1. If Cys254 satisfies all but one of (1) modelled with pLDDT under 85; (2) under 30 Å from Ala395 (Cα atoms), what's the number of the condition it fails?
2. Which ones in the range 348-370 are over 25 Å from Ala421 (Cβ atoms) and of a type in the set (A, V, I, L, M, F, W, C)?
3. Limited to the range 31-44, what total is found for residues that are in a loop (DSSP other than H, G, I, E, B) and touching a strand residue (DSSP E or B) at 6+ places or on another chain (Cβ under 7 Å)?
4. Of the residues in the range 400-449, how many are of a type in the set (Phe, Trp, Tyr) and part of a strand (DSSP E or B)?
5. Name every residue in the range 198-243 that is modelled with pLDDT under 90 and either within 18 Å of the chain's Cα centre (by Cα) or not assigned by TED's automatic domain parsing to the domain that holds Trp178 (or both), in order of residue number.
6. Scanning the range 371-402 for residues that are hydroxyl-bearing (Ser, Thr, Tyr) and closer than 23 Å to Asn438 by Cβ, which turns out nearest to the chain's Cα centre (by Cα)?
7. Mind telling me which of the residues Glu373, Glu315, Glu345 ends up being out of contact with any Leu (no Cβ under 7 Å at 6 or more places or on another chain), assigned by TED's automatic domain parsing to the domain that holds Ile441 and over 22 Å from Leu423 (Cβ atoms)?
8. Based on what the data block shows, is Tyr72 under 26 Å from the mean Cα position of the chain (by Cα), among the hydroxyl-bearing types (Ser, Thr, Tyr) and either modelled with pLDDT of 90 or more or assigned by TED's automatic domain parsing to the domain that holds Leu190 (or both)?
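The values are calculated or read from the model by the stated rules, or taken from the named source; none is laboratory data. Everything numeric in this text was worked out from a predicted model, so none of it was measured. A quick note on method: Cβ atoms are made from the backbone with ideal geometry, for glycine too, and the neighbour counts reach across all protein chains shown.
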Amino acid sequence: MTDILKDEVFGELDFQEEAWVGSLDAPLYNSDENLTLVIQDYNKEGILDVQREAYKTYLQNEEKYKEIAVDYLLDYYKWNYEYIASEVSGVNEKDHKDVVTETQLFEFMTLWYLFICRDGSFGYAFGCCWDVDNGLAVLLSEEEPRVISRTQLENLHKINDDTIGLLVHYGKNAWKGWKKHSLFGKNEHLEIELEGSVGDGITEAQKKAYAEYLQKEAGLFSKFTEVLEASGADRIALPKVLYIDKEGNYGWICFALWNDKYIGVLLSEDVPSILSEKRLRNYRRRTMSVKPEEFGFSNRFFGVLSCNVFVWGEETEICVDKEKGSLEDLVPLINNLLSFLNHNENAVMKAIVDDAGMLKQAEYYIDCMEEAEGSTEECRVFILEDGTVVTLPLAEEDFIESLHLNEVFIEFDNEEQELSATLTFYCRPDYFVDPETNHIIAVNMDSKGNIRDVELVEI
């Protein structure tokens, strides 16, 4: 087959990079040029009838699709306004989400082409200044159109699920859909992201989790507001994505207005808890209890029994001094401690950051390093041993995200008949940089979760 094709429906087409390219004499939006047509054909096998029929459908409804695309792009812009405004210097008061118009929107966006997939799905692809590499696309061929990325459109895989609706694969081990919800008295879009490959699809646990979420949604908003108020009076975070992993753990990815960053909010436990976005995405079901038979001798400590559990979504080693108490007697106390930890991560982090002043200590260690080139009095910049670039003052969220629970070491006081535990944390990146020593943070507490002390320990 040659690189030039004259098609009865599309007209003259030129083959370019897995697609036939033509044009339609119909300038759209802010462009004076003809609309570019891109008809997918991975192996240069020729145009399919389903693509021709899709194009005929488009031509018959072009004016409708033009309006639909604008409506959905405006919704998308408003939904992501806080992020866009933080990324694009040209966004100002006249472009605010409450007043933005189509004309203003296309100051930030440019129509690239109409893309027609091998299965007959089609949509517009746009360039946008807040995502230069990926752009945006509006999938028009579905009963319910969708704003997706250009990459999603060009590599389209979709599922029409009875429970969740239309899902499109994102190309990063994730399926995405969306729903509308009412938050703080306003109707907003909420993107749904489900962990999963193209081949595996989505799990029954994810469908069950989504149904559970819908039942609990109103109450979760209320609980989340209480958690935010407890963490800071002026803190507002807007839920943007409902993330559900394969096992059915779920939570919101929110845009935090106090630092213009995304945070994670775990919702699938009894009380919502604030995590980093990364930790939410890597979260795995919490092991809320252990059994005596799960323990074996530790490879690292002589005479010590250990087993692995998940604490705060990370696999953690529980170590028990065998000589200081019967395992059968200790296990109920250990389970009480695990339950406390898994429901009170914020309290432990507060004890580390505020009560013990570890954030200030980390800043002290960083401040002792030589400043990087380009550092100023207003923005002091340092480069750590591992190459991480750090600015002072250090953001609390960045410090907390760097903390990783390494182990929980359990001892039993025979006289007091009380369990004590030492939680050890390492820091990645390591803010406690010292050429001669390494450091860990040790948190000492009892089985009821009372924190006795927090210290920086040389190892």
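1. (1)
2. Ile366, Cys368, Met369
3. Summing the residues that are in a loop (DSSP other than H, G, I, E, B) and touching a strand residue (DSSP E or B) at 6+ places or on another chain (Cβ under 7 Å) in the range 31-44 gives 4.
4. 4
5. The answer is Phe224, Ile236, Ala237, Leu238, Pro239, Lys240.
6. Applying the filter and picking the extreme gives Ser402.
7. After ruling out the rest, the residue left standing is Glu373.
8. Answer is yes for this residue.
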